[in-house]
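Chemist: Before I ask anything, here is the structure I am working with.
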Amino acid sequence: MTGKRPLVAVLTGAGISTDSGIPDYRGPQGLWQRDPSAQETVTIGPYLASGEVRRRAWLMRREAGAVGARPNAGHRALAELEHAGVPVRVLTQNVDGLHQAAGLPARKVVELHGTATEVQCVRCRTTGPMAGALERVAAGEDDPACEQCGGVLRPRTVMFGEALDERVLQQADTIAKNCQVFLAVGSSLQVHPAALLPRIALERGARLIVVNGEPTPYDEAAHEVVRTPISQALPELVARLVDGDLSEA
Ligand code: ZN
């Protein structure tokens with residue numbers, strides 16, 4: 001034992017946020033796959049080309065925002081890991097900002113698909129809070145434009161038709177290579193880059209733990225597979241990690 005605590009990487013997908021009332025929009029049964037007119041609102045081409053698509057997008061965001069999603073026991077458990085002094089990095093496929101809302105410092109969270117908590121002007125690149133844009137929608141603007149230059153405002157998410165940010169992918173790759181424990185939580189592990197990251201960690205000798213309600217392609221390779229609901233499973237796993245119980249692959 002060197003006394004150095006192992007780095008824990010946690011990849012999170014839609015499954016960790018469903019207990020916060022956020023549906024899995026992107027998954028195979030999700031709204032975006034089932035409803036082409038909904039998918040247009042999250043696809044860059046139609047979004048930029050059509051004011052009508054943007055008006056629908058803002059209405060949908062306003063409805064989703066009204067849910068007032070809060071972090072659940074799963075998010076809080078991961079923040080607790082950090083507060084207990086365990087080095088942790090979260091790689092999330094989610095855009096809801098709930099890891100940070102639960103108390104994880106932003107620098108510990110890599111947002112693979114960006115964030116829906118901020119907007120950005122497509123012309124002058126000015127950013128601002130999504131909440132401010134939604135207040136303008138509530139006050140009657142159906143397609144709020146950039147207050148600096150009048151350009152189109154968009155969420156700071158990776159939309160369909162856009163590539164993931166190369167720098168973000170590089171960060172995720174580095175974390176997967178350097179962790180000793182890799183938790184894959186609430187992700188089907190079938191979509192790039194989530195499909196690749198556990199393999200990178202395994203190849204470097206990390207211990208892989210899969211927490212997901214449904215089978216994943218990594219179940220056989222994993223050292224442990226947990227099927228219990230995430231908001232129960234994570235507090236238990238975190239307690240073991242804090243005890244140093246999971247550091248041996
Ligand atoms: Zn602008």
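Per-residue answers, yes or no, for (1) in a loop (DSSP other than H, G, I, E, B); (2) not small (Gly, Ala, Ser):
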{"residue": "ILE22", "(1), (2)": "yes, yes"}
{"residue": "TYR25", "(1), (2)": "yes, yes"}
{"residue": "GLN33", "(1), (2)": "no, yes"}
{"residue": "GLN39", "(1), (2)": "no, yes"}
{"residue": "TYR47", "(1), (2)": "no, yes"}
{"residue": "ARG62", "(1), (2)": "no, yes"}
{"residue": "ALA77", "(1), (2)": "no, no"}
{"residue": "LEU81", "(1), (2)": "no, yes"}
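Chemist: Condition test on ASP96, is it within 22 Å of PRO129 (Cα to Cα) and not hydroxyl-bearing (Ser, Thr, Tyr)?
Modeler: Here the answer is yes, as ASP96 does meet what is asked.
Chemist: For the subset of region 121-156 comprising residues that are within 14 Å of the ligand (Cβ to nearest atom) and among the β-branched types (Val, Ile, Thr), which member is surrounded by the fewest Cβ atoms within 10 Å (Cβ to Cβ)?
Modeler: THR127
Chemist: Would you call LEU208 more than 16 Å from the ligand (Cβ to nearest atom) and more than 30 Å from ASP35 (Cβ to Cβ)?
Modeler: yes
Chemist: Residues that are under 26 Å from TYR25 (Cα atoms): find the strands (runs of 3 or more DSSP E) completely inside region 169-246 holding 3 or more of those.
Modeler: By residue number, 181-185, 207-211.
One line per residue, one yes/no per condition, for (1) in the same structural domain as THR18 (by TED's automatic domain parsing); (2) closer than 23 Å to ASP245 by Cβ; (3) in contact (Cβ under 8 Å) with a residue 24 or more places away in the chain; (4) not basic (Lys, Arg):
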position	(1), (2), (3), (4)
GLN170	yes, no, no, yes
LEU183	yes, yes, yes, yes
LEU189	yes, no, yes, yes
PRO193	yes, no, yes, yes
ILE200	yes, no, yes, yes
ILE209	yes, yes, yes, yes
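Chemist: Report the residue count in region 30-51 for those that are acidic (Asp, Glu) and in contact (Cβ under 8 Å) with a residue 40 or more places away in the chain.
Modeler: 0
Chemist: I've got another one for you. Is it fair to say VAL95 is under 17 Å from GLU162 (Cα atoms) and either within 16 Å of the ligand (Cβ to nearest atom) or of a type in the set (Ser, Thr, Tyr) (or both)?
Modeler: Judged against the criteria, VAL95 is not a match.
The values are calculated or read from the model by the stated rules, or taken from the named source; none is laboratory data. Computed from a predicted model, the values in this text were never measured in an experiment. Heads up, the Cβs are rebuilt from the backbone with ideal geometry, glycines too, and the neighbour counts pull from every protein chain shown.
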